[in-house]
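The values are calculated or read from the model by the stated rules, or taken from the named source; none is laboratory data. Please read these numbers as outputs of a predicted model, since none were measured by experiment. Glycine gets a Cβ as well: all are built from the backbone with ideal geometry, and neighbour counts include every protein chain shown.
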Amino acid sequence: MSRIDRKELFNTATDWTREAGEYIRKKMKESFSVNTKSNQDDLVTDVDKGVENFFEQKLSDKLPDHTLMGEEGTAESVKNLDGTVWILDPIDGTMNFVHQESFFAVSLGIFENGEGIIGIVYDVMNDEMFSCLKGEGAYVNGRKLPELKEVPVHESILSFNSGWILKDRRLEKLVKESRGTRSYGSAALELAYVAAGRLDAYISFNLAPWDIAGGYVLIKEVGSTVTNYEGKDLDFLNKGTLLAANPYIHNNILSLIHEYDQ
């Protein structure tokens, strides 16, 4: 795909994402159904499914040679990242959507033969769209994200679910070493915040490709670092761990996590 084609694809993707956001805001004023998936805290609504259906229909009509890997069903048939694959989380942060009506996002990463070329994270309620086209810089609502500043671990703000400490007590070291911790309940937004310098690192132990695809492309575009918990490349066909961090502290965080492994 040529550069001009990529630009057109980027514009199309951002337009459709904004349309999806409008659909979500409209549905929030109406009643919607809430169900559970793998456990009582794994929520899904008919709005999630409606957004995924929206993208599925758009691709079928306009870009039938592209593939959709979505959280609510379309991922099941995706076995590789050959060609152009849209990796979609229709509502990342569904629990926030249901209980708080805020801090959720439409997350979209577009990959070409395994390479992330477009990243979009749209904070629907704050109307903040983080977006990038590979090689063209990353933006929020059209304003270019600033270059990430060097920050030591003791001045950093980290983000992870506090429940992870119960599963890995090594995280207590990071809590003590950092300036503070946060948890927003949306991996997509937390990744976007790392890209924007609002957070210095984000850690999670169990994320699916659609949770991270959009934010991953953003992170890479601003020169930040994203790996799994072992410092290896991410797998966009399976669930896994994640450490996204300001490039100046990524290795330091890995060292602090694994210093007791020796």
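Okay, here's what the table says:
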| quantity | calculated |
| --- | --- |
| So K220, is it touching a strand residue (DSSP E or B) at 6+ places or on another chain (Cβ under 7 Å), within 24 Å of E52 (Cα to Cα) and outside the structural domain of E101 (by TED's automatic domain parsing) | no |
| Helices (runs of 4 or more DSSP H) lying entirely in segment 156-262 (those with 3 or more residues that are under 25 Å from V98 (Cα atoms) and modelled with pLDDT of 95 or more) | 187-196, 209-221 |
| Segment 150-169, residues that are of a type in the set (S, T, Y) and either more than 11 Å from N246 (Cβ to Cβ) or touching a strand residue (DSSP E or B) at 6+ places or on another chain (Cβ under 6 Å) (or both) | S159, S162 |
| Residue in segment 20-33 that is part of a helix (DSSP H, G or I), closer than 27 Å to G114 by Cβ and modelled with pLDDT of 95 or more present | yes |
| Qualifying residue in segment 227-234 (condition: among the basic types (K, R) and touching a residue at least 24 places away in the same chain (Cβ under 8 Å)) | no |
| Subset of segment 183-197 that is in contact with a Lys or Arg (Cβ under 9 Å, 6 or more places away or on another chain) and without any contact (Cβ under 8 Å) to a residue 60 or more places away in the chain - its residue that is surrounded by the most Cβ atoms within 10 Å (Cβ to Cβ) | E190 |
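Let's see how each residue does on (1) modelled with pLDDT under 95; (2) surrounded by fewer than 22 Cβ atoms within 10 Å (Cβ to Cβ):
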site	(1), (2)
E71	yes, no
K79	yes, yes
G83	yes, yes
L88	no, no
G93	yes, no
V98	yes, yes
F104	no, no
G109	no, no
